[in-house]
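In what follows, a structure is listed as structure tokens, so that the remarks can point back to it.
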Amino acid sequence: MLRRYLRREIDQWVANGLLDSAQGEALLEDHDRRHTGYSLSSVLASLAAVLFGAAVIALVAANWEAIARPLRVAMIFLFIIVGLSGATFAVLRNAHWIAEAMLVFTLLCFGAGIALVGQMYHLSGDEAAFMLSWAIGALAVSLSFSSPMAAISAGLLALGYLFTVSDGLGIFSSWHGPDLVGYVGALVVTAAVGVSAWRSRSALAGHLCAIMLICTMVWIFEEGTDLNPSYLLAAIGALAFATGSLVPSRPSAPFARHGTLSAYGAVLLLGGLGMVQADSDITSLPGVMAFAALVLGASVGVLVVAGGENHLIRRFAYFAFSCETIYIVGETLGSLLGSAGFLFFGGLVLAAMAYAMMRLERRFKKKGMQT
Amino acid sequence: MKALGQLLRREIHPFLAFALATLVLVGFPAWMILDRAAILRDGTEIVLKTAPVDPRDLMRGDYVRLRYEEISNVDGSLFEGDLPGHDRPVKLWLTLHTGEDGLAAVKAVSVEKPVNRAPGETLLRSKPTRLSRSGSSETVAGQLSLRFGIERYYVPEGEGLEIEATRNQERTTVALRISDKGEAQIARIMIDGKALYEEPLY
């Protein structure tokens, strides 16, 4: 991705006479030398680790009687200890990618180990407990070794736990009513994933933690109250977006202005509003129009505030805007005049938005030149 | 805030990391094994009639699904004591009594743990389930569908069919060991009273 982008830009600079073609080649070569070979070997090491781990899991699943049960347990423990020692020596020698691969292997063996205990003692109906135990193992590894791969595994396993323990966030649950122990448990696991993401500096694990937090909120709302969780999503989104984009930035702020927090806010706000709309029982045309105007207004607002700074937010706001337009056309197909009028109005808004964006982008450029 | 962030990022020595991770990754399965083996060794034994069916688990291999005639479906009229105030999933206590034929039968079901029990009675605890009241009265409606975490029996690949073949002939029984906390552990699977699979402690 980055290399293709770099290649295109360098070609452009060479064509414009900003850069010698020899210099351009030298820059690309330098980039290749520092990135390619390094990541290829690490990817291969991780793949090998996953394959070895999968082999251990398959060995447990086969329930092969040629190897006695205590011997199987001892083998799993041995694999875990070998994996962890390998990782320890790799860390001591600064070979972090080998350490990561070793830890992935160790975690797969740990999962196989809990599965083996379940098989030995014929446990059933313990899917949530199984996922939670595996997630706790991944958290222990991630926290002690500051390992990003283990943090990502912990995030994925914790999400799996959340979905099994909540019967799909309460949506497929047959009972209603608060399950306080479950909520507190999910929040504690989320916090632990957050800490391990922070420790290991893994942005991906951080996203998993954020997704888990949002899912837990939806679960609590769905099961514990009679309200529609879409309202909650929209409200959290509005709050996050306002905090991320409207609060004046300070150098010491824990998040960048118009950054990740704003992007989450924009996605949740527009997604939540869309879900509210899809669930709502407003049928009168003026009501539908009013709500559509609200969603379109929100996407335009998001675009004007943060679209210039964050291209992810910009694209999502465009996406939401087009979805809403298509929805409106679908809803109003019966009354052609209504949709024609609305499209005309939408066109006016778009034109105004394009004008505003042009002004904004020009201002950003000016600011960029001054600094 | 910043200081806390730095503190959380402080790296520990790899040897200490190794020790901590080993403690959790080896200690946890070892504790699970000891816990289960203790139930097998010290638990009270009861025998139940069962009907096996055969599907498959991806990570743990072949298993036979077991249904228990006596305890998988319990009549709501056996319910004793108070219902919980809120409509939430609860774990139920079953009082089991072993009859003349050597098979255990349910005597009573309750939310609270029964305090005094007669000799020969065993207490078994279910997984959380939801109770539905019959009307406004303090009784439970219809059949209770219960689970105990003993609904699977893992067998070596391809051997599940052997037990399954006997499923409609009402010849299969299971011996359970039950701990003081009401946790059940499968000890033996029997056909016509003869042990087909006997569980070792470890």
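The values are calculated or read from the model by the stated rules, or taken from the named source; none is laboratory data. All figures in this text were calculated on a predicted structure; none of them were measured in a lab. Cβ sites come from the backbone with ideal geometry, for glycine too, and all protein chains shown count toward neighbours.
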Those residues of the range B:11-36 which are more than 7 Å from chain A (Cβ to nearest Cβ) and under 13 Å from A:PHE145 (Cβ atoms), in sequence order | B:HIS13, B:LEU16, B:ALA19
Do you know which of the residues in the range A:63-83 that are surrounded by 15 or more Cβ atoms within 10 Å (Cβ to Cβ) and without any contact (Cβ under 8 Å) to a residue 40 or more places away in the chain is farthest from the other protein chains (Cβ to nearest Cβ)?
-> A:MET75
Only one residue in A:ALA306, A:ALA351 is closer than 18 Å to A:ALA238 by Cβ, in a helix (DSSP H, G or I) and modelled with pLDDT of 75 or more. Which one?
-> A:ALA306
Quick one: in the range B:175-202, of everything that is part of a strand (DSSP E or B) and away from chain A (no Cβ under 14 Å), which residue is nearest to B:PRO114 (Cα to Cα)?
-> B:MET190
Just for helices (runs of 4 or more DSSP H) wholly inside the range A:189-292: which have at least 2 residues that are over 25 Å from A:LEU312 (Cα atoms)?
-> A:203-224
Looking only at the range A:57-65, decide whether some residue is among the charged types (D, E, K, R) and over 30 Å from B:ASP62 (Cβ atoms).
-> no
Out of all the residues in the range B:148-167, is one or more more than 14 Å from chain A (Cβ to nearest Cβ) and either under 18 Å from the mean Cα position of the chain (by Cα) or modelled with pLDDT of 80 or more (or both)?
-> no
